Amino acid sequence: RPSLNEDEFHVSDLLGLEVFNQTDQTLVGEVVNVISAGNDLLEVKRQTPPASKKSETVLIPFVKAIVPIVDLVQRRIEITPPVGLID
């Protein structure tokens, strides 16, 4: 594996991480894909109630201002989403 700079990650390390809202620690969902664009986007499969058959994903810009914490040891990401991003 090539070495990475601080705050750089291999895509394979991000897949499957749980994503939490940093404000209230609620589970948002799980990273299912990373889309390369001008800024990378995390595709997160939303948590839905068990009775719901709906599968919804949300795209989260993978920038430090919105994704301040990536903890590979704990397998979790914490986000500070702007209003409307995940609502």
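General remarks:
- Zone of V63's modelled label, taken as backbone nitrogen in the stretch 16-46 under 15 Å from a point 7 Å along Cα→Cβ: 37-42
- For the pair E56 and V83, label points projected 7 Å from Cα toward Cβ lie 1.9 nm apart.
Bear in mind these aren't lab numbers, they're just calculated from the coordinates by the rules spelled out. These numbers come from a predicted model, not from an experiment. Positions of Cβ are backbone-derived with ideal geometry, glycine not excepted, and every protein chain shown enters the neighbour counts.
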